[in-house]
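As structure tokens, the structure follows; a few thoughts come after it.
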Amino acid sequence: MNTLPEDFPGKQWVCTACGYNMIGEMPDVCPFCGAYHDKFVTWEEGETAYRVTPKTVADQVTQLLSVPRLGLEHAAYRVDTTAGAVWIDSPSAFNRDLESVTDIYFTHKDFLGASNQYRALWNARVHLHQADAIHPLAAAFPVDDRFSGDFQENGIEAFHIGGHSPGWTAYFFGNVLFACDYAFPPGPRMRLNPFGPRNATRKCGARLLELVANRKPSVVCGYNYVADGAEWHRDFENALKR
């Protein structure tokens, strides 16, 4: 059994309405979704009640979601690259028996999950765009790499898009795109994420569409779905036109 460092923070709360983690004293309401504190559980209770469960969605890519579902919980993704295993975003629930990763790369500041706990457990490096790392939602979470711009590392490619959040970043691993919540749901009803600056989301989405058109991913991993790449391309293009 993996053990946590002695100085691991003892106070951490998980919102069962959305999965957001709150570090320190319990607030009256969830800073992410606004649920009242009667919807919160301690991280220890969360570890007992929710099992982060892997599901293979593409070659070397595994989706991670809790069973039972932790409210509106986002998905995280494990990518087993030749350089080692990494995560794109982090699970909301902390399960110390998960297979370790060396790095956790974030699409944006909304889905930091229990990353501080996994970082402490595995000495993993946390990567978040500098424009999102300064946001109040990210303030309590340790970030090792406040990157800017595009980069390639550990077998993945990162492209700073912006829009939905200032630091929103898309990731590619081979023919897989990690598009998180830039647009949803998959299918003809897809729309751009309405939570954020509408004009910036549409304008910056043009770069994401260009990347998709050029790279033609066969699989798109969203915040709570996995879609065929060609179909997602069509639906995303239509969403940008609306």
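The values are calculated or read from the model by the stated rules, or taken from the named source; none is laboratory data. Because the structure is a prediction, the values reported are computed rather than measured. Note that each Cβ is placed from the backbone with ideal geometry, even for glycine, and that neighbours are counted across all protein chains shown. The accessibility values were calculated without ligands, DNA or RNA, using every heavy atom of the protein model including side chains. Shrake-Rupley method; radii C 1.70, N 1.55, O 1.52, S 1.80 Å.
Values computed for the structure shown
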read-out: Restricting segment 164-186 to residues that are under 14 Å from Gly229 (Cβ atoms) and of a type in the set (Gly, Ala, Ser), the residue that is most open to solvent (accessible area, probe 1.4 Å); value: Gly174
read-out: Val86 being open to solvent by 10 Å² or more (accessible area, probe 1.4 Å), modelled with pLDDT of 95 or more and more than 16 Å from Ala140 (Cβ to Cβ); value: no
read-out: Only listed residue being hydroxyl-bearing (Ser, Thr, Tyr) and either open to solvent by 70 Å² or more (accessible area, probe 1.4 Å) or touching a helix residue (DSSP H, G or I) at 6+ places or on another chain (Cβ under 7 Å) (or both), chosen from Thr56, Thr42; value: Thr56
read-out: Residue count, segment 89-119 (criterion: surrounded by fewer than 24 Cβ atoms within 10 Å (Cβ to Cβ), of a type outside the set (Lys, Arg) and over 21 Å from Phe40 (Cβ atoms)); value: 7
read-out: Identity of the residue in segment 138-163, touching a Phe, Trp or Tyr at 6+ places or on another chain (Cβ under 7 Å) and touching a residue at least 60 places away in the same chain (Cβ under 8 Å), that ends up surrounded by the most Cβ atoms within 10 Å (Cβ to Cβ); value: Ile156
read-out: Of all residues making up segment 214-232, the number that are without any contact (Cβ under 8 Å) to a residue 24 or more places away in the chain and part of a helix (DSSP H, G or I); value: 2
read-out: Long-range neighbours under 6 Å by Cβ, at least six apart or interchain, first residue of a type in the set (D, E, K, R) within segment 193-210, second in a loop (DSSP other than H, G, I, E, B); value: Arg207/Ile161
read-out: Checking Asn2 against (1) outside any strand (DSSP E or B); (2) at pLDDT 95 or above; (3) polar (S, T, N, Q); (4) in contact with a Lys or Arg (Cβ under 8 Å, 6 or more places away or on another chain), the condition it does not meet; value: (2)
read-out: Residues (in a loop (DSSP other than H, G, I, E, B), closer than 21 Å to Leu121 by Cα and either among the hydrophobic types (A, V, I, L, M, F, W, C) or under 13 Å from the mean Cα position of the chain (by Cα) (or both)) located in segment 55-99; value: Ala75, Ala83, Asp89, Ser90, Pro91, Ser92, Ala93, Phe94, Leu98
read-out: Conditions (1) open to solvent by 20 Å² or more (accessible area, probe 1.4 Å); (2) over 22 Å from Phe172 (Cα atoms); (3) modelled with pLDDT of 95 or more: number failed by Gly71; value: (3)
